[in-house]
Amino acid sequence: MPTRELAEQVHKALETFSAFCAKDIRAINLTQKVSDAVQRSLLADSPDVVIATPARASVNLNTSALSLEHLAHLVIDESDLVLSYGYDEDL
């Protein structure tokens, strides 16, 4: 199951790789322990990359804080495991 630790690793790797990009790439990690208001504010700023566990993504989608309207790519790490935990209906 995707964990906060994995999300943090992905976020740090993305920050490292994006340092070599000509354009600033804004990424947020929804697994961080911040208030819903702070998360909503970060998402309202239209980040380029959103990193989340399925549960955090689902919560933010259900509250309309996260929109998939401009989604270009969706990456699901260990998708077979994620789907085996019952997230197939949500996806």
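The values are calculated or read from the model by the stated rules, or taken from the named source; none is laboratory data. This one's a predicted model, so the numbers in the text were calculated from it and none came from an experiment. As a convention, Cβ positions derive from the backbone with ideal geometry for all residues, glycine included, and neighbour counts pool all protein chains shown. With ligands, DNA and RNA removed, areas are computed over all heavy atoms of the protein, side chains included. Shrake-Rupley method; radii C 1.70, N 1.55, O 1.52, S 1.80 Å.
Just a few scattered comments:
Here's the yes/no breakdown for (1) more than 20 Å from THR3 (Cβ to Cβ); (2) surrounded by 11 or more Cβ atoms within 10 Å (Cβ to Cβ):
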| site | (1), (2) |
| --- | --- |
| ALA22 | yes, no |
| ALA37 | yes, no |
| SER46 | yes, no |
| ILE51 | no, yes |
| VAL75 | no, no |
| VAL82 | no, yes |
| ASP90 | no, yes |
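- SER64 meets the stated requirement of being surrounded by fewer than 14 Cβ atoms within 10 Å (Cβ to Cβ), without any contact (Cβ under 8 Å) to a residue 12 or more places away in the chain, hydroxyl-bearing (Ser, Thr, Tyr) and at positive phi.
- Checked against (1) surrounded by fewer than 17 Cβ atoms within 10 Å (Cβ to Cβ); (2) modelled with pLDDT of 90 or more; (3) within 26 Å of LEU83 (Cβ to Cβ), ARG4 passes all but a single condition, namely (2).
- The set of residues in the stretch 24-35 being open to solvent by 50 Å² or more (accessible area, probe 1.4 Å) and either closer than 15 Å to LEU74 by Cα or touching a Phe, Trp or Tyr at 6+ places or on another chain (Cβ under 9 Å) (or both) consists of ILE25 alone.
- Among the residues listed as LEU71, LEU14, the single one being surrounded by 15 or more Cβ atoms within 10 Å (Cβ to Cβ) and of a type in the set (A, V, I, L, M, F, W, C): LEU14
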